[in-house]
Amino acid sequence: MSVLVDEHTRLAVAGITGREGSFHTLNNRAYGTSVVGGVTPGKGGQNVEGIPVFDSWQQAMEQCSPDTAMIFVPPRFAADSILEAAAAGVQLIVAITEGIPAHDELRVYNVLAREHPGARLVGPNCPGILSPGKANVGIIPASFFRAGNVGVVSRSGTLTYQIGNEIAQAGFGCSTIVGIGGDPVPGSSFVDVLELFEADEQTDLVVLSGEIGGSAEEEAADYIAAHMSKPVVAYIAGFTAPAGKQMGHAGAIVSGSSGTAAAKALALEAKGVRVGRTPTETAAIAVEVLGGAAVGAAHAD
Amino acid sequence: MDLLEYQGKQLFARHGLRVSSGRAVAGVEDAVAAAAEVGYPVVIKAQVLIGGRGKAGGVKLAEDEAQTREHAGNILGMDIRGHTVHTLWIEHASDIASEYYASVLLDRSAKKPLVMFSVEGGVDIEEVAERSPEKLVRRHVDPLGGLTREQAVQIARDGGADADVLEGVADALTALYEVWLQEDATLAEINPLIVTPQREVRALDAKVSLDGNALYRHPENQSLSDTANEDPIERRAKEQGVQYVKLDGDIGILGNGAGLVMSTLDVVAQAGGRPANFLDAGGGSNAEKIEQAVELLLANDAVKAVLFNIFGGITRCDEVAQGLIAAFQRIKPAVPFVVRLDGTNDREGRRLLQEAALPNVHAASTMNEAAEMVVALAAGEPVGARA
């Protein structure tokens, strides 16, 4: 098993006719993901390398029944595209788009909760979801990961690749890598994804990669203590970030005395979660907990 | 994007929240003219994006022209915790019967707007929250329905507002919520929200943060913020669409992806170094972007050594190497560089760098090693392997 995406995933992409959208859609298909369609208003009837394009999510649903949506449209259209996909009945929506206004994210989160409780949003401003060997939905470079028993959930893309690569070099692989994104109001939280990993048979350990801003890591700490039987190893970025400065991600900001890396690491450690000081140490702790380096696999391939 | 007090008050006024009449000025003579216009006594307030203005001597009462001249002259150009005062806000002094507190913010945890109200305003609200949390009323608002009149009155009542100003406080809360909603604010705060002896409720201060991602909906707000105190390199970076935050150390840092850059700052600090900046070259960095980034890094004179930490996903390491080579040909940096390339096309990137044999560029194979090398170089110590 794995979580969220796998060999049964049927993906459709909003923004498939854009430069980035088409590039990554075709990458995902080349990886083996089943891409059944795309949505670009006004371009229905066209196709992208054989992938049919529809004018709306409703039409896409009627014609090719996707169960997963990937959102690649510009920020000002993203909120409506997400809600339209949910209204059409898509169960999982992965929003890659960066720069969506926070008030739009707030509206989307609350409309989904109220009107489409069955739909799950991952992102926005996230690298997507990869289940190695099964499906890739998003922009995660799959070549650094192999299939295995480590679940990864992260607010940052490149940091995930860094940690995942070190785990792979020690001979371990991943069940699923989930990027929940760096925005203030993500559709899915650490807790949402931890819950999935706890229930996933393939996952034996979870690596959680957090950063400054908000309180998602503190909430994850409480959840882990109360509900997780599997070990969780954590990393937090942003110990040197000054208060009041946004560090790249819209959500990565220390506000007054809240949201600091130190407080997050303390909260996790207080609940028995081991926190690595560097990405390398985090990967090393994960490998140690898994029982040391796996034999005969020095590199990710 | 944080607004100066007077900019926040202008937004407040636009949404029907009462503020004192005032003028923003940049010179002593203009201050005198503004004071005459709004009427004595006036309050002269330094406009900077930092708390503790009063304690620093940046807020003064003036009864006449001579005092206005004196205070305005003293405050203009004053340094308040690293912020230079370029602008004064001159407003008619208010008589104060009570000082309340009100704010609307985005509660990231609950994913709802949060309205806060207290009758203990005029002081640090975090202290109130800690000392006597029962005196700070916190109520979530339905983000799809908005703040209702009943709820606003109830918040005022629960917070202990005087009975005769319940309606006035509710009006202020409603207007503040509209500011937050209509202007795409992430925070709209009034401290203090005053009650005058005539029982009028009015905002005496304003702290507003706007969402930079939503500015396309508010062209009239795009020129706000404290541009005079903005770091010139940060401003340049913004114009180029690059994420740059100036820090106070001497090691220039460039990486791709916000999380990896934050992590790089931490690892350098753990190795005993002091980062000079945060710079995220972003996903898909091409050679031209890298060249621009090198220029930004070196625009800070404090930088004694530079660390490039790249883990290529969408970003290709050969592109990064090409950008670095191009930058060196044009700029000829005087400080040493440590380069760590991993990920997509890393071998090709490393080969390009090796062939170019750039002066004073050192290759590192891991993030930790790179951090140790750059810290040694910044301290003027020699390190091994050249790129």
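Looking at the stretch B:147-174, which of its residues are in contact (Cβ under 8 Å) with a residue 60 or more places away in the chain and buried (at least 22 other Cβ atoms within 10 Å of the Cβ)?
B:Ala161, B:Val169, B:Ala172, B:Leu173
I need the full set of residues from the stretch A:110-132 which are part of a loop (DSSP other than H, G, I, E, B) and touching a residue at least 40 places away in the same chain (Cβ under 8 Å), in order please.
Selection gives A:Gly123, A:Pro124, A:Asn125, A:Cys126, A:Pro127, A:Pro132.
Can you give me the ranges of the strands (runs of 3 or more DSSP E) entirely in the stretch B:195-305 with at least 2 residues that are without any contact (Cβ under 8 Å) to a residue 40 or more places away in the chain and at the interface with chain A (Cβ under 8 Å from one of its Cβ atoms)?
B:243-246, B:277-280
Confirm whether B:Ala379 is out of contact with any strand residue (DSSP E or B) (no Cβ under 7 Å at 6 or more places or on another chain), on the phi > 0 side of the Ramachandran plot and surrounded by fewer than 17 Cβ atoms within 10 Å (Cβ to Cβ). Explain how you work it out, then say what you get.
Working: out of contact with any strand residue (DSSP E or B) (no Cβ under 7 Å at 6 or more places or on another chain): yes; on the phi > 0 side of the Ramachandran plot: no; surrounded by fewer than 17 Cβ atoms within 10 Å (Cβ to Cβ): yes.
So B:Ala379 fails the test.
Yes/no per residue for (1) among the aromatic types (Phe, Trp, Tyr); (2) part of a loop (DSSP other than H, G, I, E, B); (3) more than 12 Å from chain B (Cβ to nearest Cβ); (4) crowded, with 24+ Cβ neighbours inside 10 Å:
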{"position": "A:Leu208", "(1), (2), (3), (4)": "no, no, yes, yes"}
{"position": "A:Ala221", "(1), (2), (3), (4)": "no, no, yes, yes"}
{"position": "A:Gly244", "(1), (2), (3), (4)": "no, yes, no, no"}
{"position": "A:Ala252", "(1), (2), (3), (4)": "no, yes, no, yes"}
{"position": "A:Ala262", "(1), (2), (3), (4)": "no, no, no, no"}
{"position": "A:Leu266", "(1), (2), (3), (4)": "no, no, yes, no"}
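If a residue must be crowded, with 24+ Cβ neighbours inside 10 Å, without any contact (Cβ under 8 Å) to a residue 40 or more places away in the chain and of a type in the set (A, V, I, L, M, F, W, C), how many such residues does the stretch A:225-242 contain?
Within the stretch A:225-242, residues that are crowded, with 24+ Cβ neighbours inside 10 Å, without any contact (Cβ under 8 Å) to a residue 40 or more places away in the chain and of a type in the set (A, V, I, L, M, F, W, C) number 2.
Spot the failing condition for B:Asp226; the list is (1) of a type in the set (Asp, Glu); (2) crowded, with 17+ Cβ neighbours inside 10 Å; (3) at pLDDT 95 or above, and only one is missed.
Looking at each condition in turn, B:Asp226 falls short on (3).
Scan the stretch A:113-127 residue by residue and report those that are within 11 Å of another protein chain (Cβ to nearest Cβ) and either buried (at least 21 other Cβ atoms within 10 Å of the Cβ) or touching a strand residue (DSSP E or B) at 6+ places or on another chain (Cβ under 6 Å) (or both).
A:Pro124, A:Asn125, A:Pro127
Could you say whether any residue in the stretch A:141-160 is in contact with a Leu (Cβ under 6 Å, 6 or more places away or on another chain), within 14 Å of chain B (Cβ to nearest Cβ) and in a strand (DSSP E or B)?
yes
Given the criterion part of a helix (DSSP H, G or I), touching a helix residue (DSSP H, G or I) at 6+ places or on another chain (Cβ under 8 Å) and more than 14 Å from chain A (Cβ to nearest Cβ), identify the matching residue among B:Ala376, B:Ala327, B:Ala371.
B:Ala327
Hey, among A:Ile163, A:Ile253, A:Ile224, A:Ile167, which residue is more than 27 Å from B:Arg274 (Cα to Cα) and at pLDDT below 95?
A:Ile167
Kindly state which strands (runs of 3 or more DSSP E) lie completely within the stretch B:1-111 and contain at least 2 residues that are of a type in the set (S, T, N, Q). Lay out the reasoning, then the answer.
On the way: elements: B:22-25, B:42-46, B:59-62, B:88-92, B:98-107.
Ranges flagged: B:98-107.
Looking at B:Val338, is it surrounded by 20 or more Cβ atoms within 10 Å (Cβ to Cβ), outside any strand (DSSP E or B) and in contact with a Leu (Cβ under 6 Å, 6 or more places away or on another chain)? Break it down into steps so the answer makes sense when it comes.
Numbers: surrounded by 20 or more Cβ atoms within 10 Å (Cβ to Cβ): yes; outside any strand (DSSP E or B): no; in contact with a Leu (Cβ under 6 Å, 6 or more places away or on another chain): yes.
No.
Right, B:Glu126: within 22 Å of A:Gly214 (Cα to Cα), within 14 Å of chain A (Cβ to nearest Cβ), out of contact with any Ser or Thr (no Cβ under 9 Å at 6 or more places or on another chain) and not basic (Lys, Arg) or not?
In short, no.
Let me spell it out: the conditions are (1) in contact with a helix residue (DSSP H, G or I) (Cβ under 7 Å, 6 or more places away or on another chain); (2) surrounded by fewer than 22 Cβ atoms within 10 Å (Cβ to Cβ); (3) of a type in the set (Asp, Glu), and A:Asp192 meets all of them except one. Which number is the exception?
(1)
Against the conditions (1) in contact with a Phe, Trp or Tyr (Cβ under 9 Å, 6 or more places away or on another chain); (2) within 23 Å of A:Glu211 (Cα to Cα); (3) buried (at least 20 other Cβ atoms within 10 Å of the Cβ), where does B:Gly273 fall short? Just the number, please.
Result: B:Gly273 passes all but (1).
Can you tell which of A:Ala135, A:Ala216 is over 11 Å from the mean Cα position of the chain (by Cα), more than 9 Å from every other protein chain (Cβ to nearest Cβ) and in contact (Cβ under 8 Å) with a residue 12 or more places away in the chain?
When all the criteria are applied, what remains is A:Ala135.
Here is a check on your reading of the model: is A:Arg107 more than 8 Å from chain B (Cβ to nearest Cβ) and either touching a residue at least 60 places away in the same chain (Cβ under 8 Å) or of a type outside the set (Ser, Thr, Tyr) (or both)?
No, not satisfied.
Could you check the stretch B:33-72 and list, in sequence order, the residues that are touching a Ser or Thr at 6+ places or on another chain (Cβ under 7 Å) and either surrounded by fewer than 20 Cβ atoms within 10 Å (Cβ to Cβ) or assigned by TED's automatic domain parsing to the domain that holds B:Asn191 (or both)?
Within the stretch B:33-72, B:Val38 is the sole residue that qualifies.
The values are calculated or read from the model by the stated rules, or taken from the named source; none is laboratory data. What you see is a predicted model, and the numbers here were worked out from it, not measured in a lab. With ideal geometry, Cβ positions are generated from the backbone for all residues, glycine too; neighbour counts draw on all protein chains shown.
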